[in-house]
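So the structure is just underneath, and the comments pick up after that.
Nothing in this text is a laboratory measurement; each read-out follows from the coordinates by a stated rule. All values derive from a computational prediction rather than experimental measurement. Reconstructed Cβ throughout: ideal geometry from the backbone, glycine too, with neighbour counts over all protein chains shown.
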Amino acid sequence: MVSPKEMPTAKQAGVSSSIYLTHSLAHIELNAVELAWDTLMMAAHEKLPEEFFKDFISIAADEARHFDLLCDHLKSQGSQYGAIPAHDNLWNIAIKTKDDILARVAMIQLVQEPRALDSHDRLRKKFIGAQDKKAVQLIDVICYEEIEHVRIGMKWYEYLCRRAHKEPIPTFHALATQLAVVIPPPFNVQSRQQAGMPPEWYLPIAKTHKAHPKSSH
């Protein structure tokens, strides 16, 4: 594990752009598995409905399957997970929210997970450019399934806000500001909407309003 600044480029790592990007995505999925289980461990100390645990176990299972699919694709290209250094940036927000289940669900399920939706078009174009049809298929599956993860996050974030007698949207904005979380456009408005996250949740705290939100379709 290295800091983001120490990450080598694909050329420096001596791999194709497709392998490099697939490895990066596999790392994200592995972290997503660990984050889901870490959130479940936090929830064990909270009086939450059984459905919360079932939902987050399903998320962990999905992310593990995504990781396996990406690892299989790496192997088909003569590589494997671990062949390239990985950064530790994804765990920074986990550490910052380790004592607050509301903040954890907000920052992981409502900030990190939607980024997968926003990156769908960009990733497709990169893999198409690399002539990696299998990776394009994998990305379509993964990004589609992430919609449900965001929907689950919205459901439980709003539940936790009601339990704490807090207004969901202002609290989300305050947490993002407090934790210095960047939410940059362009946004996949259509997929976010499908997940139950309309623009008023993220546009007011977007990094810039100069870029117009876009859909992946």
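Rank GLN190, GLN112, GLN137 by mean-square fluctuation in a GNM of the chain with C-alpha springs under 10 angstrom and give only the top-ranked residue.
Among GLN190, GLN112, GLN137, the largest mean-square fluctuation in the Gaussian network model of the chain belongs to GLN137.
Whole-Hz Karplus ³J(HN,Hα) for the stretch 57-70, in order, using 6.51 cos²θ - 1.76 cosθ + 1.60 and θ = phi - 60°, x for Gly and Pro?
Along the stretch 57-70, the couplings run 5, 5, 5, 4, 5, 4, 5, 5, 5, 4, 4, 4, 4, 5 Hz.
Please list, in chain and number order, the residues 5+ apart from ASP132 or on another chain whose amide H is under 5 Å from its amide H, with Hs placed from the backbone.
Placed amide hydrogens put nothing under 5 Å from ASP132.
So for the pair LYS134, GLN193, with labels modelled 7 Å out along Cα→Cβ, what separation do we get in nm?
3.6
At R0 = 25 Å, how high is the FRET efficiency between LYS207 and LYS166 if r is their beta carbon distance? Nearest 0.05 is fine. Don't jump to the answer; show the numbers that get you there.
Values: r = 24 Å, r/R0 = 0.98.
For R0 = 25 Å, the calculated efficiency reads 0.55.
Quick check: residue separation of GLU158 and ILE95 times 0.36 nm, minus the Cα distance between them. What number comes out in nm? Please list the in-between numbers first.
Values: separation 63, 0.36 × 63 = 22.68 nm, distance 2.20 nm.
So the chain would gain 20.5 nm between GLU158 and ILE95.
Please list, or write none, the aspartates and glutamates whose alpha carbon is within less than 18 Å of the alpha carbon of LYS207, excluding same-chain residues fewer than 8 places away.
Leaving aside aspartates and glutamates fewer than 8 places away in the same chain, those within reach of LYS207 are GLU113, ASP118.
If I build a Gaussian network model for the chain, linking alpha-carbon pairs within less than 10 angstrom, which residue out of THR171, THR39, THR97 has the largest mean-square fluctuation?
Sorting by GNM fluctuation, first place goes to THR171.
Read phi for every residue in the stretch 132-140 and hand back ³J(HN,Hα) as whole Hz from Karplus 6.51 cos²θ - 1.76 cosθ + 1.60, θ = phi - 60°, with x for Gly and Pro.
Going residue by residue, I get 10, 5, 5, 5, 4, 4, 5, 4, 4 Hz, with x marking Gly and Pro.
For the stretch 37-49, take each phi angle, set θ = phi - 60°, evaluate the Karplus expression 6.51 cos²θ - 1.76 cosθ + 1.60, and give the result in whole Hz per residue in order, putting x for glycine and proline.
3J(HN,Hα) across the stretch 37-49, in whole Hz: 5, 5, 5, 5, 5, 4, 5, 4, 9, 10, 8, 10, x.
If I compute Cα extents along the principal axes in Å from the structure I just sent, which labelled value in (1) 74, 49, 35; (2) 60, 44, 35; (3) 52, 39, 30 lines up?
(3)
Taking neighbour counts of Cβ atoms within 10 Å as a proxy for exposure, in what order, fewest first, do ILE169, ILE142 appear?
Values: ILE169 15, ILE142 22.
Ranking ILE169, ILE142 by Cβ neighbours within 10 Å, fewest first, gives ILE169, ILE142.
Of LYS54/LYS96; LYS54/LYS134; LYS47/LYS166; LYS96/LYS126; LYS47/LYS98; LYS47/LYS155, which sit over 21 Å apart, Cα to Cα? List each step's numbers first, then the result.
Details: LYS54/LYS96 25 Å; LYS54/LYS134 31 Å; LYS47/LYS166 17 Å; LYS96/LYS126 32 Å; LYS47/LYS98 17 Å; LYS47/LYS155 16 Å.
From the list (LYS54/LYS96; LYS54/LYS134; LYS47/LYS166; LYS96/LYS126; LYS47/LYS98; LYS47/LYS155), the Cα-Cα distance tops 21 Å for LYS54/LYS96; LYS54/LYS134; LYS96/LYS126.
At 222 nm, what helix-only mean residue ellipticity would the chain give, in deg cm²/dmol to the nearest 500, using -39500 (n - 2.57) for each DSSP H run of four or more?
Values: 10 runs with 134 residues, N = 217.
My calculation for the chain gives -19500 deg cm²/dmol from helical runs alone.
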